[in-house]
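The values are calculated or read from the model by the stated rules, or taken from the named source; none is laboratory data. Predicted model, so just to flag it, every value in this text is computed and none were measured. Counting neighbours? That spans all protein chains shown, and the Cβs are built from the backbone with ideal geometry, glycine included. Heads up: the accessible areas ignore ligands, DNA and RNA and are worked out on the full protein's heavy atoms, side chains in. Shrake-Rupley method; radii C 1.70, N 1.55, O 1.52, S 1.80 Å.
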Amino acid sequence: MPSIIRQILLDTATQHHAHDFHQIVIGLQGRAEFEIEGLGGAISAFSGCIVPANHVHYYVGQGENRQLILDLPADAPSLTGYHHELSRLFDAPRFFALDSPLKHYLEFLLLEQANGKKGLSAAQNDRLAATFLGCLHARLGGTASHSSVHRLDLAKLDRFIDRHLASPISVADLAAQACLSEAHFRNRFREQTGLSPWQYVRRRRLEAARRLLEESRMPLSQIAVNTGFSHQSALTHAFRSTFGCPPSQLRRAVLERSTLEVTNRLRHTT
């Protein structure tokens with residue numbers, strides 16, 4: 001399937017969905033808020049976000065806004081064959097800002113769209129998308145030097161994450177704790193843990209949610225808020241994909257086990 005490049009206005013009421021293709025959203029005008037399975041951020045002109053396939057994401061536009069959307073199926077020419085390494089961009093969601101060269105390329109892409117009286121062909125869309133993805137990958141997917149690298153203090157990062165579970169946590173927030181640039185931190189973190197910062201934070205959110213399910217009677221909606229998921233459905237989707245069951249099923253199992261233990265104790269005391 002080919003890549004699709006389109007422009008849209010985002011609704012000013014919060015919406016959410018997931019789709020089976022990757023997506024890049026770039027702000028052209030105004031502002032919009034996104035949360036992609038627990039990773040929150042804002043985009044405005046010349047900034048954007050990466051939405052991997054099958055990730056539930058919540059979004060809302062603020063006032064007059066306009067976004068450029070790249071819809072990218074996994075089998076699109078812009079992500080396969082010679083361009084197959086570009087699919088690494090979608091290992092995890094993230095937010096980014098365009099530097100000066102990419103701003104100029106975006107302006108060129110928009111002019112190409114405007115000049116296409118009958119719309120751009122599928123081949124043109126794929127070529128434009130592949131060029132943009134290649135440039136973005138070069139900026140976000142570089143490799144770090146292995147010489148004289150000190151290990152990150154994961155215990156310190158864990159404490160920071162746990163203190164801020166209910167709030168959006170960005171890579172910039174974590175990088176500041178390690179006194180590193182965002183790009184340097186991202187590469188060092190993956191080298192040390194084998195995970196992206198987003199995957200690591202998501203895992204800690206889900207582990208905290210699991211503990212609350214097992215150790216408290218807190219409503220699922222409140223557990224979602226306390227662990228950084230703005231909606232219960234986002235927690236449920238992430239929990240099921242990680243643990244293989246919805247949170248409600250785990251809670252029922254815990255309650256049944258607790259009831260059985262109480263019953264057994266009563267039997268032994270009578």
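At-a-glance table
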quantity	calculated
Separation in nanometres of the label points that stand 7 Å from Cα toward Cβ, at residue 162 and residue 222	2.1 nm
Interchain or long-range residues, amide H under 5 Å from residue 47's placed H	27, 98
Ratio of Rg to Rh over the chain (Cα coordinates, Kirkwood Rh, two decimals)	1.05
Additional length obtainable on full extension of the chain from residue 121 to residue 137, 0.36 nm per residue less Cα span	3.4 nm
For the range 56-64, Karplus couplings with θ = phi - 60° (6.51, -1.76, 1.60), whole Hz, Gly/Pro x	5, 9, 9, 8, 8, x, 10, x, 6
Relative contact order of the range 49-164, defined on C-alpha pairs under 8 angstrom at six or more residues apart (%)	30 percent
Under 5 Å, built H, 5+ apart or other chain: amide partners of residue 169	40
Angle between the chain longest axis and helix 122-140 axis [Cα atoms, degrees, rounded to 10]	60 degrees
Vicinal HN-Hα couplings computed from phi for the range 172-188 (Karplus, 6.51 cos²θ - 1.76 cosθ + 1.60; Hz; Gly/Pro x)	4, 4, 5, 4, 5, 5, 9, 6, 10, 5, 4, 5, 5, 4, 4, 5, 4
Point-charge dipole on Cβ atoms (K/R +1, D/E -1) for the chain, about Cα centre, debye to 20	680 debye
Karplus (6.51, -1.76, 1.60) ³J(HN,Hα), θ = phi - 60°, over the range 190-195, in Hz, Gly and Pro reported as x	5, 4, 7, 10, x, 10
Expected 222 nm ellipticity per residue - DSSP helices of 4 or more, -39500 (n - 2.57), all of the chain, to 500	-15000 deg cm²/dmol
Peptide ranges 248-254, 31-37, 195-201, 170-176 listed from the most packed, as the mean C-beta count within 10 angstrom indicates	31-37, 195-201, 170-176, 248-254
Within the range 67-91: backbone nitrogen closer than 15 Å to the residue 29 label point (7 Å, Cα to C-beta)	67-69
Acute angle (nearest 10 degrees) that the helix 197-215 long axis makes with the longest principal axis of the chain, alpha-carbon atoms	20 degrees
Pairwise FRET efficiency - residue 97 versus residue 180, Cβ, R0 = 25 Å, nearest 0.05	0.90
Overall form of the range 123-249 per C-alpha gyration tensor (a/c, 1.5; a/b vs b/c)	oblate
Size of the range 11-164 as Cα extents on the principal axes (Å, biggest first)	57, 41, 31
Solvent-accessible ranking of 12, 227, 80, largest area first, probe 1.4 Å	12, 80, 227
Among 55, 3, 199 the positive-end extreme of the charge dipole of the chain (Cβ point charges)	199
Å² of accessible area per residue within the chain, as computed with a 1.4 Å probe and no ligands counted	52 Å²
